[in-house]
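Here's the structure we're looking at; comments come further down.
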Amino acid sequence: MYAMSRLEIEPESCEEEESLHEVGNSQGPNELPICLDHEIAHLTNLKSRPHEHLIRDFPGRRALPVSPVKMLAGRESNYSGRGRFSSADCCHMLSRYVPVSGPVPVDQMTSPAYVSQFSANGSLFVAGFQGSHIRIYNVDKGWKFQTNILAKSLRWTITDTSLSPDQRCLVYASMSPIVHIVDVRSAAMDSLAKVTDIHEGLNFSADSGPYSFGIFSVKFSTDGRELVAGSSDDSIYVYDLVANKLSLRIPAHESDVNTVCFADGSGHIIYSGSDDTYCKVWDRRCLSARNKRAGVLMGHLEGITFIDSRGDGRYFISNGKDQTIKLWDIGKMGSDITCRPGFRNYEWDYRWMDYPLQNRHLKRPSDRSVATYKGHSVLRTLIRCYFSPAHRKSGGFSDLSIRASPSTFSMRIKRSNEIRSHHNRVTGAQVAALKHHRSAVRDCGRHPDYPTIVSSSWDGDIAKWEIPRDGPEVAFLLIGRRPRLFTRRRLAG
């Protein structure tokens, strides 16, 4: 039997849970019922619901959402008894401010941008380009260009990059089994990919030649001691950085492993997604000589392009070439593949063809996903999707999806938790579409603390999106215990 980890709720959420029970016993028009459709909706409500004293409009009635002015007044009056916003308060506040103002140019290159990401604390931003350049920008210093890394032994393109948790090292991969690691602490403007502190290259190919397979995805573990990678030889690899050797190879799928990640901070659980249409879960503590998976999640009709974990060892989202994002609960995974996809009766290649219209409404009979989100396109390249950082930290669910279609190239933001007047449900409603780029938008990054999104595209542009300029600087609300709120108009006048 496979033992699942329990979902933990932060202690500060207890007040919100009590509030939910209080609300369920009353009959106000804007209240949330006690019985929610799914555990995700229940957890989302607990962790994105402001303090009960802030919700009360007048006796016997509660109103959502709560205005920023009322939230600030409640904090200054110390309604919660903490003297600060809780994570649920921050989540509620941030959910009202979607970064749709822009774009503001960050950089422009002559080669397509394939990957982009913020560091864990948001102080650095990394963008990787097909033309062998990896550029690092210092966000805290006004997006100042800091370092240009020229990739070594590049094959085709930079397929993925990953920053170590301490932001000292960066790894990058291409269509080669050699993953390179670079010390990014140097203040030098240019680096020729030579490593000063660790070693030159990490060989993920134990017995094969230098070009035997390519690596599509590489990620650091939370403690920075290991790397996990997905490859074109249908396998998952784990590299031990301390011992400086390959520690594990799992023949995981029947086709390219396009995406892998650790499920949580323990490093025991790994998620993988492949062109064989399956998402699989691997528990390294239970791997036998046969490399038996912990479970499989079926639902996509086409290959998986990306997986993002919520970080709790239970929930993750996946993007698929069937033009859907799916939300998964590994508590629903099966032990066997019960229904294999049938042979296509049509010719289709996502790299240069539109997805057949007649297939957009198809559903796999054995679909085990919790929710499915549609309305975006997954074409041309391995498009990515993410949980919102603010929602990831406080338990809510929201994701970024990126659209790449032949005529319109845009980034779409979808909200998978939406608090309505009477209930909380998973809606998948589109919140915004950010249009700017002239070619496919393959990746984007969202700042962990500020309402800022940065998109990277095959047109070579790196563009930044923020909250509207006439709105309050919400980020000031979330940093420190009791900072003051300033609007742009107040700052200017």
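The values are calculated or read from the model by the stated rules, or taken from the named source; none is laboratory data. The model shown is predicted, which means the values in this text are computed figures rather than measured ones. Cβ: placed from backbone, ideal geometry, glycine included. Neighbour counts: every protein chain shown. Protein only, heavy atoms only, side chains kept; ligands, DNA and RNA dropped before computing areas. Shrake-Rupley method; radii C 1.70, N 1.55, O 1.52, S 1.80 Å.
For I250, the solvent-accessible surface with a 1.4 Å probe is about 0 Å², rounded to the nearest 10. At full extension, S67 and E347 could sit 95.6 nm farther apart than now, given 0.36 nm per residue minus the alpha carbon distance. With θ taken as phi - 60° and the Karplus curve 6.51 cos²θ - 1.76 cosθ + 1.60 applied, the whole-hertz 3J(HN,Hα) list for region 179-185 is 9, 9, 10, 10, 7, 9, 6 Hz, x standing for glycine and proline. Charge tally around S119: other residues with Cβ under 13 Å, Lys/Arg +1 each, Asp/Glu -1 each, net 0. Other residues whose C-beta falls under 15 angstrom from the C-beta of D234 contribute a net charge of -2, scoring Lys and Arg +1 and Asp and Glu -1. Excluding ligands, DNA and RNA, the accessible surface per residue across region 257-325 is 23 Å² with a 1.4 Å probe. With θ taken as phi - 60° and the Karplus curve 6.51 cos²θ - 1.76 cosθ + 1.60 applied, the whole-hertz 3J(HN,Hα) list for region 159-170 is 7, 6, 9, 8, 8, 5, x, 8, 6, 8, 10, 10 Hz, x standing for glycine and proline. Amide H to amide H distances under 5 Å link T259 with G273, where only residues 5 or more positions off or on other chains count and H is placed in the peptide plane. Net charge of the neighbourhood of I270, taken over other residues with C-beta under 10 Å away and scored Lys/Arg +1, Asp/Glu -1, is +3.
What residues qualify as long-range amide H neighbours of F216, i.e. H under 5 Å apart, gap of 5 or more or another chain, H built at 1.01 Å from N? When sequence neighbours closer than 5 places are left aside, the close amide H contacts are G230, S231, S232.
A simple spin-label model places the labels of R364 and V104 4.1 nm from each other, with each point 7 Å out along Cα-to-Cβ.
What FRET efficiency, computed as 1/(1 + (r/R0)^6) with R0 = 30 Å and r the Cβ-Cβ distance, is obtained for S247 and R155, rounded to the nearest 0.05? Plugging the Cβ-Cβ distance into 1/(1 + (r/R0)^6) gives 0.80.
Just to be sure I understand the curve: with the Debye formula and one point per C-alpha of region 90-172, what is log10 I(q)/I(0) at q = 0.11, 0.19, 0.23, 0.25 Å⁻¹? Debye output, listed in q order: -0.35, -0.91, -1.16, -1.27. In order along region 129-134, phi translates into HN-Hα couplings of 10, 5, x, 6, 9, 10 Hz, rounded to whole numbers, per the Karplus curve 6.51 cos²θ - 1.76 cosθ + 1.60 with θ = phi - 60° and x for Gly and Pro.
How are the C-alpha pair distances of region 220-292 spread across 10 Å bins, as whole percents from the shortest bin up? Once binned at 10 Å, the Cα pair distances of region 220-292 give 21, 56, 22, 1.
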